[in-house]
Amino acid sequence: MSAKKILVVDSVTKFQRSDLGSVAIAASHGGAYAGYLAARAGLRGVILHDAGIGKDQAGISSLPYLDELGIACATINYQSARIGDGQAMADTGVISHINQTARDAGCSVGQPAMSCARTMGAVRGIGGEVARYAEARFILRESPNSPSVIGCDSTSLVKTEDKGQIVVTASHGDLLRESPSWGARPDVLAAVFNDAGSGDPTRLPDLDIRAIAGATVSTESARIGDARSTYEDGIISHINETARARGARVSMSCKAFVQKMIDSAQDDA
């Protein structure tokens, strides 16, 4: 497969019907939900970001999942390229982990990302349908006269109806290179992400512009791609100025952060 046929995207949410049978470098974390989206698109191979690997090795959990489907999968070392930036991954990404399907095709750890993607072109791919992923958007907490807490395994699952609510996502906390803002998403009260090993999550100051409290949990404390783990296990690693002004602090639990945001909203009412 020539380099021209390799897709380079900032997120696994960007695939289209015409991408069936392609190999992609996608700057999403390597969690299971990202693997599901790659499989649903009918890719024969995908390179994702290991997001610092993190709790329960969630940052590379797409590898065994895609192995079962005969799809080659690899991740790049989180220190070799920024998450959310597909071109950076293609340019400087270094492979940190591969699944057996990728290994059988000739891929190897330490390989440049683009070289690994070319090698994946020999994989036949799965064909057919992929079993629907378990529910990825759900209510974490709901009570009268209080903001609801919505769990989203991906930021792409945030809906217009979430305006004024708290969204606890399991996506990484960096802006996408080609979509460098919160965009058309609603003005939620607060949003939580996974830091994916980043020392400076770029989404948080962007949320300050819209007075949205933003925070990340450390990738070592909660499974990336798993919003329930973000809420139940997460320890806050970074906050923006809006969150700080509402009483949030680094090292508090995600549950405590959520409660602080709810309390601050009720104080303002």
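Considering only residues of the stretch 119-149 that are of a type outside the set (A, V, I, L, M, F, W, C) and in contact with a strand residue (DSSP E or B) (Cβ under 7 Å, 6 or more places away or on another chain), which is farthest from Asp226 (Cα to Cα)? Among residues in the stretch 119-149 that are of a type outside the set (A, V, I, L, M, F, W, C) and in contact with a strand residue (DSSP E or B) (Cβ under 7 Å, 6 or more places away or on another chain), the one farthest from Asp226 (Cα to Cα) is Gly121. Within the stretch 20-74, being part of a helix (DSSP H, G or I) and on the phi > 0 side of the Ramachandran plot holds for Asp56, Gln57. If we scan the stretch 233-246, do we find a residue that is under 17 Å from Ile53 (Cα atoms) and not in a strand (DSSP E or B)? Yes: the stretch 233-246 contains one or more residues that are under 17 Å from Ile53 (Cα atoms) and not in a strand (DSSP E or B).
When Val130, Val123, Val94, Val109 are screened for being among the hydrophobic types (A, V, I, L, M, F, W, C) and in contact with a His (Cβ under 9 Å, 6 or more places away or on another chain), only Val109 passes. Every condition in (1) surrounded by fewer than 16 Cβ atoms within 10 Å (Cβ to Cβ); (2) closer than 20 Å to Ala88 by Cβ is met by Asp187 except one, and the failing one is (2). Just a yes or no: is a residue in the stretch 32-46 buried (at least 20 other Cβ atoms within 10 Å of the Cβ), of a type in the set (A, V, I, L, M, F, W, C) and over 23 Å from Glu129 (Cα atoms)? No, because not a single residue in the stretch 32-46 is buried (at least 20 other Cβ atoms within 10 Å of the Cβ), of a type in the set (A, V, I, L, M, F, W, C) and over 23 Å from Glu129 (Cα atoms). Scanning the stretch 230-242 for residues that are buried (at least 23 other Cβ atoms within 10 Å of the Cβ) and under 16 Å from Val149 (Cα atoms) turns up Thr230, Tyr231, Gly234.
Scanning the stretch 142-165 for residues that are surrounded by fewer than 18 Cβ atoms within 10 Å (Cβ to Cβ) and not small (Gly, Ala, Ser) yields Glu142, Pro144, Asn145, Lys159, Thr160, Glu161, Lys163.
Has the stretch 117-125 got at least one residue that is surrounded by 24 or more Cβ atoms within 10 Å (Cβ to Cβ) and touching a residue at least 40 places away in the same chain (Cβ under 8 Å)?
Here is the first cut: in the stretch 117-125, the residues surrounded by 24 or more Cβ atoms within 10 Å (Cβ to Cβ) are 117, 120.
Next cut, touching a residue at least 40 places away in the same chain (Cβ under 8 Å) only: 117, 120.
The answer is yes; a qualifying residue exists.
Residues in the stretch 166-184 that are buried (at least 24 other Cβ atoms within 10 Å of the Cβ) and either in a loop (DSSP other than H, G, I, E, B) or free of Cβ contacts under 8 Å to residues at least 60 places away in the same chain (or both): Val167, Gly173, Asp174. For the stretch 94-106, state whether one or more residues are over 18 Å from Tyr33 (Cβ atoms), under 21 Å from the mean Cα position of the chain (by Cα) and without any contact (Cβ under 8 Å) to a residue 24 or more places away in the chain. Checked against the condition, which is being over 18 Å from Tyr33 (Cβ atoms), under 21 Å from the mean Cα position of the chain (by Cα) and without any contact (Cβ under 8 Å) to a residue 24 or more places away in the chain, the stretch 94-106 yields at least one hit. The set of residues in the stretch 68-102 that are in contact with a strand residue (DSSP E or B) (Cβ under 9 Å, 6 or more places away or on another chain), of a type in the set (D, E, K, R) and within 22 Å of Ala41 (Cβ to Cβ) contains only Asp85.
Only the coordinates and a few stated rules stand behind these numbers; no lab work does. Keep in mind it's a predicted model, so treat the numbers as computed, not measured. No Cβ is skipped: glycine too gets one built from the backbone with ideal geometry, and neighbour counts run over all protein chains shown.
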